[in-house]
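First the structure, in the form of structure tokens, and then the observations on it.
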Amino acid sequence: MEIFKRDLTLQDKILDYLREGEDSISGIHRKLERDGYKLHRLVLTGYLKALADVGILKEHEIKPSKVYSWRSKVKKRSIYEIVGEKVKKLSDSKAEQARLAVYILQKLFKRAIFLEEVKRCGIDVDDIDARKVGGEERIQARKVLSNTFVKLPYNNPAYIVEGTKGMKDIYEDVLEEIVLQLLNAKKFVFRGKQLKLD
């Protein structure tokens, strides 16, 4: 187990050095030795390459050296932004986009969806062609959101969309896309003729 603890500490140390700016393998090696890390230069080279391969570091060449820096952080998008982006590609109609957004979100979150959540998807509508929910069902959905960053206007309506076979297929496609995007796994997807797995 000690090696895993050391790797974590080593990664943290390297990232700490690179907060000040980019550095070469030699520069990082010198700093590690100064801080008591006895590591062969070739091991460090492989380690830095691995950190670059998994997207933690950025690697570029300034002859004759390879130089490493922090990979610039991409702002994480919310689930609402991702769902909004997907449904806008599926329909030009705001009413249909809103219905699809409610359906996808209700399947994901297993509750009624509020108008405010649809607006967070970037879909500007005042009402949704769906069943409005009230009473206990609305109270429970509102309670779930009370512990999140989503602040609801007091009388914000909540909706449930009765799905069709087509909507179920769209939900599965969007869910697959969300998973691949959030896990940065699109590069693993084969783009040619797809396997028939059903």
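The values are calculated or read from the model by the stated rules, or taken from the named source; none is laboratory data. Values in this document were obtained by computation on a predicted structure and should not be read as measured data. Positions of Cβ are generated from backbone atoms using ideal geometry, with glycine treated the same way; all protein chains shown enter the neighbour counts.
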- Complete set of residues in the range 122-172 that are part of a strand (DSSP E or B) and either in contact (Cβ under 8 Å) with a residue 40 or more places away in the chain or of a type in the set (D, E) (or both): A158, Y159, I160
- Item | Selection status of I82, among the β-branched types (V, I, T) and either surrounded by 17 or more Cβ atoms within 10 Å (Cβ to Cβ) or within 30 Å of K119 (Cα to Cα) (or both) | yes
- Only one of (1) at pLDDT 85 or above; (2) within 26 Å of L182 (Cβ to Cβ) fails for T45. Which number is that? (2)
